[in-house]
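Here is the structure we will look at, set down as structure tokens.
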Amino acid sequence: MANLEEFRAETRAWLEANCPPEMREPVRDDKDVYWGGRNGSFSSEAQGAWFDACVEKGYTVPAWPKEYGGAGLSPAEAKVLREEMARINARSPLHSFGIWMLGPALLQFGTEGQKKHFLNQIARGEIRWCQGYSEPGSGSDLVSLQTYGEDKGDHWVVNGQKIWTSYADKADWIFCLVRTDKEDKYRGITFMLYDMTTPGVSTKPIKLISGNSPFCETFFDDVKVPKSYGEDIPGFVGEINRGWDVAKYLLGHEREMISGAGNADRLTTIGAAMKRHTGELDPILRAQLAMFDVDALAFSAMGEKFLDEIKVGKAHPAQPNMMKYSGTELNKRRHELMMTAGGSRSLEWDSEVTRGGKPSREWLRTKANSIEGGTSEVMLNVIAKRILDLPGA
Amino acid sequence: MPLYHNDDQALLADTASQFMGEEGAIAKQLRHWRDKDCPDGFGHELWKQFAEMGFTGILVSEDDGGLGMGNVEAGIVLEQIGRNLTPSPFLSSAVLAATALGKGSADLRGRWLPGLLSGDSVFAVAVDEGPKHNPQKITTRAEKSGNGFRLNGAKSFVVQGASADMIVVAARTSGDDSDMDGLTLFAVPKDAAGLSQDAVRLVDSSMATHLKLDNVELDGDAVIGEVDGGREVLNAMLNAGRAGAAAEAVGVAGGSMDMTVDYLKQRKQFGRLIGEFQALQHRAAHLYSEVEIARAAVIKAQQLLDEGSEKAELMVAVAKAKAGIAAGLAVKEGVQMHGGIGMTDEYDIGLYMKRDRALSEFLGDANYHANRVAELSGY
């Protein structure tokens, strides 16, 4: 424990020296978030300085081993770093599906060569990844996916279409579920890795009800995907035809991420803020906000407990489904209440005072929380089957 | 501190689970005493066993002969009490009164704590004065009288008051009814002249009283803590009690949920187990989520209390509210999913519903505590 307190003091000093004041302001819009990648550019000098400092220290991926670009922190140290960053409201230096999703899959299933090659690229923000999972005919029933890779010896030729590919139009590479055996539903999928500039790959952004386009349709037309990128660097993760194992593992991570469990300490109450913004609160709205704040604070304790239990293997393996279900339903409720508290002001779609309709666009965006990464209904099915052991679910 | 039980706490949980599952079981305790129309509503023999197990000394300091543990440990015992609906004076005596007495003088502790540790004494607390919990307003008066005080007033919902050897009474020694200052807590012996109680049986078969104080004369040494400084003692007592009641509610919720999920796996209709129906699966899964979140809130609140954190009061309010909401859902879904049999006295699920109702009201319901959360958050 003494060492941990020492680490806390060091961390506090390091953050003080390296996290510029601008990077301690709340994220206001898209340009405040850095995603890296070949075309990545910093919106301010402070953003670049903060990013560079974190890369050098291994703090873009603090818990990853040092040889893969991390800082090799223990779970307890990583928690201290999270707490200290939260204390000064430090922004995350790098947003990345590579960190959140591909990285954990490679750490679990990748070869040594893949880890050295891809994880370091991710840690340094050099390659921006996107995820090719859902298809027009395969949403909740993901395993029915049809995108097909024909085996041509040292490569596959991939044809098909993905949908809801987050930021596919901005991504450099894709990790993609591709059917490689039409006979076996579960053991006929391969988890492939390939460059989005490969001939035959095209993307088309989908305009959402929020007016924004974070998702794309992604098309593959005779895309040549190599089986290897060099010695011990296969072009797929895990084994051929066993990509579903990797996908299932990753879905757990995705559900954790969407649930907000990782930054539950930042999921704060909203009642006091709504009163500051709107003056007097209608008594019935005040009661609803109070009930919401009870649930938000209780869920933030749940997030902390869940992370603590995961570290020591005490959490039920299906618990991320519960976190995802509860966290996303809570977030939808949060934005409903914020819209109600804001009144007509929060209806403004492109005014300056709402910074381009932020309240309404964010409110609409949250409606996807309980759909993406597994709908609430699918989460409830999984809880019923795997945790409560109910029959025939 | 991680939000799960350490090894010692896990061991205590196993011990408490086994003990309460056997000795504190519904048939052996709750139904037994209820069907006998027992005026205490619980068994003194079981209370002695609680003492032998060390449970009654969990919140008593080692200097006073107790175990010097914390609210987390008390909560572990209370969750098992809730799960088995075990009637006992644990919450009132070993959590509420013990927390108040812990802030009292050495004389006071020496007079009352040995009886708690041995299981010979039962304590009650008298705070509420109306049908809803409202400790902000205390009208019971204590006036200076010689070397001591003279108490006048009325209290209600004094759980196990008629069985108690001593009752912790919150009274006003100065100021107006709603002042924060000017309160004093007294340890009132059961045989004090002018003290009278009307016992009532509650919906969950527990016993409570309407208490009257008619010129009750007390020595100055009956004061717990400082004269006019009772709010601090009262808050400490209430927060420990609320966290404890929340832990018991999580036990009620868990017991009710497990019983219901088991039933979904046994009951057949339309040629299928009813647990195969998605309409019920989704409700059961939602209930599971709510109970898990409530349990997390309770452990967090107890840890903060034990650390003496400034955030404890807010989290205790969150825990009491959330546990009340989760347990309320668990018992209502429990009775509904059991169908007709859930309405019968023979089946235990209805007993969970009754206990939840009384427990939820005790020391403030979910509305009261949601309002506290709003106040403490500044709106």
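Roughly speaking, what is the centre-to-centre gap between the range B:1-67 and the range B:202-251 when only Cα atoms are used, to the nearest Å? Between the Cα centres of the range B:1-67 and the range B:202-251 lies a distance of 20 Å. Using the alpha-carbon centroid of each, what span in Å lies between the range B:309-379 and the range B:126-151? About 28 Å separates the Cα centre of the range B:309-379 from the one of the range B:126-151. In order along the range B:133-141, the phi-based Karplus estimate (6.51 cos²θ - 1.76 cosθ + 1.60, θ = phi - 60°) of 3J(HN,Hα) comes to 4, 8, x, 5, 10, 10, 9, 4, 10 Hz; Gly and Pro are listed as x. Computed about the Cα centre, the dipole magnitude for the range B:7-120 is approximately 440 debye when only Lys and Arg (+1) and Asp and Glu (-1) carry charge, each at its Cβ. With the Kirkwood sum run over all distinct C-alpha pairs, the range B:232-377 has a hydrodynamic radius of 15.8 Å.
Per the Debye formula on identical point scatterers at the alpha carbon atoms of the range A:1-153, with no solvent, log10 I(q)/I(0) at q = 0.13, 0.18, 0.20 Å⁻¹ is -0.69, -1.12, -1.27. Amide H to amide H, with H built 1.01 Å from N, residue A:72 comes under 5 Å of A:64, A:66, counting only residues 5 or more places away or on other chains. Backbone amide hydrogens, once placed in the peptide plane, bring residue A:156 within less than 5 Å of A:225, A:227, excluding anything fewer than 5 places away on its chain. Per-residue mean of foreign Cβ neighbours for B:274-284 is 5 (Cβ atoms of other chains, 10 Å radius). P(r) tail, the range A:260-387: Cα-Cα pairs separated by more than 20 Å, 52% of all pairs.
Basic side chains Lys and Arg get +1 at the Cβ, acidic Asp and Glu get -1 at the Cβ, and with that the dipole of the range B:12-60 about its Cα centre reaches some 120 debye.
Modelled spin-label separation between residue A:187 and residue B:145, with each label point placed 7 Å from Cα along the Cα-to-Cβ direction: 8.6 nm.
Mean separation of Cα pairs under 8 Å and 6 or more residues apart, divided by the residue count, gives the range B:60-112 a relative contact order of 35 percent. With a simple spin-label model that places each label point 7 Å from the Cα along the Cα-to-Cβ direction, the separation between residue A:39 and residue B:266 comes to 6.3 nm.
Based on Cβ point charges of +1 for Lys and Arg and -1 for Asp and Glu, what charge dipole magnitude is obtained for chain A about its Cα centre, in debye rounded to the nearest 20? Kindly include the intermediate steps, with their values, before the conclusion.
Details: 49 positive and 55 negative charges, 128 e Å.
My answer is approximately 620 debye.
If one takes the longest principal axis of the Cα atoms in chain B, at what angle in degrees, from 0 to 90 and to the nearest 10, does the Cα axis of helix B:312-338 lie? On a 0 to 90 degree scale, this one is about 40.
Normalised by 2.2 N^0.38 Å, where N is the number of residues, the alpha-carbon radius of gyration of the range B:150-200 equals 1.21.
Length available on full extension from residue A:67 to residue A:10: 0.36 nm per residue minus the Cα-Cα distance, which gives 18.3 nm. Compared with the dominant Cα axis of chain A, that is its longest principal axis, helix A:2-18 is turned about 90°.
For residue B:18 and residue B:152 in the same chain, what is the full-extension length gain: residue separation times 0.36 nm, less their Cα-Cα distance, in nm? Result for the pair: 43.8 nm of gain on full extension. For chain A, the longest principal axis of the Cα atoms and the long axis of helix A:283-311 meet at an angle of about 40 degrees. Couplings for the range B:25-33, taken from phi via the Karplus curve 6.51 cos²θ - 1.76 cosθ + 1.60 with θ = phi - 60°, read 4, 4, 5, 6, 10, 4, 5, 4, 6 Hz in order; Gly and Pro are left as x. In order along the range A:201-211, the Karplus-derived 3J(HN,Hα) couplings, from 6.51 cos²θ - 1.76 cosθ + 1.60 at θ = phi - 60°, round to 8, 9, 10, 9, x, 9, 7, 9, 4, 6, x Hz, and Gly and Pro are given as x.
Normalised Debye scattering of chain A at q = 0.07 Å⁻¹ gives log10 I(q)/I(0) of -0.34, counting only Cα atoms as equal scatterers and leaving out solvent.
The sum of -39500 (n - 2.57) across all DSSP H runs of n ≥ 4, divided by the residue count of chain B, sets its helix-only mean residue ellipticity at 222 nm to -15500 deg cm²/dmol.
Per residue, the convex hull spanned by the alpha carbons of the range A:1-44 comes to 114 Å³.
Positive-end ranking of B:291, B:65, B:30 along the dipole of the protein assembly as shown, with charges on Cβ about the Cα centre, is headed by B:291. Extending 7 Å from the Cα toward the beta-carbon at both residue B:107 and residue A:227 defines two label points whose distance is 9.1 nm. Note on the range B:7-120: Kirkwood hydrodynamic radius from all Cα pairs is 14.3 Å, rounded to one decimal.
Whole angstrom only: what separates the Cα centroid of the range A:171-210 from the Cα centroid of the range A:297-316? After rounding, the separation between the Cα centres reads 33 Å. Distant-in-sequence amide contacts of residue A:34, defined by a placed amide H-H separation under 5 Å and a gap of 5 or more residues or a different chain, comprise A:95. With R₀ set to 25 Å, the beta-carbon distance separating residue B:215 from residue B:180 gives a calculated FRET efficiency near 0.40.
Radius of gyration (Cα atoms) of the protein assembly as shown, expressed as a multiple of 2.2 N^0.38 Å: 1.08. For the range B:125-198, the list of trypsin sites (Lys or Arg not before Pro) that fall in a loop by DSSP and count at most 15 other C-beta atoms within 10 angstrom reads B:132, B:137.
When Cβ neighbours within 10 Å are restricted to other protein chains, what is their mean count per residue of peptide B:366-379?
Partner-chain Cβ atoms within 10 Å, mean over residues of B:366-379: 6.
Taking every alpha-carbon pair under 8 Å whose residues sit at least 6 apart, chain A reaches a relative contact order of 12 percent. The value of relative contact order for the range B:272-373, using C-alpha pairs under 8 Å at least six residues apart, is 26 percent.
Just so you know, all these numbers are worked out from the coordinates, no wet-lab data involved. This structure is a prediction, so every number in the text was calculated from the model and none was measured. Note that we place each Cβ from the backbone using ideal geometry, even for glycine, and neighbour counts take in every protein chain shown.
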